[in-house]
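One structure below.
Rule-based calculations on the coordinates, nothing more; no lab input. From a predicted model like this one, the values you see are computed outputs, not experimental measurements. Glycine also receives a Cβ, built like all others from the backbone with ideal geometry; neighbour counts cover every protein chain displayed.
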Amino acid sequence: MKQPAVDQAATPVLEVADLTKHYGDRMALDHISVTFSPGLTGLLGPNGAGKSTLMNLIADNVKRECGTITYGGQDILTLGRAFRQQLGYMSQEQGLYEQFSAREFLQYMANLKCLPRASARSQIEQLLQTFHLQRDAHRKLGGFSGGMRQRVLLCQALLGSPRVLLLDEPSAGLDPQERLNLRSYLANLARRRVVLLSTHIASDVESIASQIVLINQGRLVTEGSPAHLMQTAGAASLEQAYLYLVGAQQP
Ligand SMILES: Nc1ncnc2c1ncn2[C@@H]1O[C@H](COP(=O)(O)OP(=O)(O)OP(=O)(O)O)[C@@H](O)[C@H]1O
Ligand SMILES: [Mg+2]
């Protein structure tokens, strides 16, 4: 798949600098500095690398300790609501209201995001259709399968067409068809947005990412285009490059 052209001028850049986070005496992020330009950034790293911590800090779900996060040159904490309105976030572990139907849940989330009712209704129907949930939209979430729940969570992150999207392992639990569907949807969506997507499946982002950020043990290992990483590692696929670059770090 050809990488989509990105309209860099239209969307502000998200930048983290010197970001550090401890949980007790465990260092989850160690002075990370990265610029996320419009387009899709694949965030790769082994379990415990710090991917979710990075997203949680950008979403301001965990308290920042040291470093800065700016959007269009302004700190996101100063921007406050103005930044939150631009942000769509799908966290790795998120509870659902089991008694709500998928449609009710999305309506509830649209209310929280203060979306106008008519526009919310059409967006919800569009998203349900895109992610093949329309037939089940009236069913209670408590009876949804893992992959279906994952798609509902994706829909809520996409409500309101946010210009910054944080997707923490969105393809976890999706069947191959739904993974493919998500990939082509995001390839198109990322043209004018900053999309940060974490995954363990390098092939999910190899063809659609303009940038890969590889982290391990809270540190930035390397960043660059998928082609650049493959070239650096002398690898035929991004997964091989990932294994080589992470492996090269092991003592
Ligand atoms: N709430 C927490 N309390 C204590 N330690 C935490 C907490 N959240 C994360 N950590 C620790 O911070 C480090 C980074 O965790 P994080 O969840 O960011 O990794 P990850 O890259 O998202 O991993 P995974 O691929 O398993 O999702 C790990 O050592 C983890 O144990
Ligand atoms: Mg995680």
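Each of GLN211, LEU79, ALA233 was scored by the projection of its Cα onto the charge dipole of the chain, and the greatest displacement toward the positive side belongs to LEU79; charges sit on the C-beta of Lys, Arg, Asp and Glu. Note on the chain: helix-only mean residue ellipticity at 222 nm, from DSSP H runs of 4+ residues weighted -39500 (n - 2.57) and normalised by residue number, equals -10000 deg cm²/dmol. Restricting attention to the chain, the count of lysine pairs at 8 or more positions apart or across chains with alpha carbons under 24 Å apart stands at 5. Computed from backbone phi with θ = phi - 60° and the Karplus coefficients 6.51, -1.76 and 1.60, the 3J(HN,Hα) list for the stretch 200-210 is 9, 9, 4, 5, 5, 10, 3, 8, 10, 7, 8 Hz; x is used for glycine and proline. Over the chain, Cα pairs under 8 Å with separation of 6+ residues give a relative contact order of 28 percent.
Within the shell defined by Cβ-Cβ distances under 13 Å, the residues around SER33 carry a net charge of -3, with Lys and Arg each +1 and Asp and Glu each -1. Considering only SER161, LEU180, THR199, the residue lying farthest towards the positive end of the dipole of the chain is SER161, judged by Cα position with unit charges set on Cβ.
Note on the stretch 150-208 and the stretch 98-144: Cα centroid distance 18 Å, given to the nearest whole angstrom. Under the criterion of Cα pairs below 8 Å and six or more residues apart, the relative contact order for the stretch 84-215 equals 31 percent.
Contact order, relative form, for the stretch 95-162: 49 percent (alpha carbon pairs under 8 Å, 6 or more residues apart, mean separation divided by residue count).
For the peptides 199-209, 235-245, 162-172, 114-124, residues were scored by their other Cβ atoms within 10 Å and the scores averaged per peptide; the highest-first order is 162-172, 199-209, 235-245, 114-124.
When all alpha carbon pairs of the chain are counted in 10 Å bins from zero, the resulting P(r) reads 7, 31, 36, 21, 5, 0 %.
Each Lys and Arg adds +1 at its Cβ and each Asp and Glu adds -1 at its Cβ; summed about the Cα centre, the chain shows a dipole of about 800 debye. Dividing the C-alpha radius of gyration of the stretch 95-162 by 2.2 N^0.38 Å, with N its residue count, gives 0.98.
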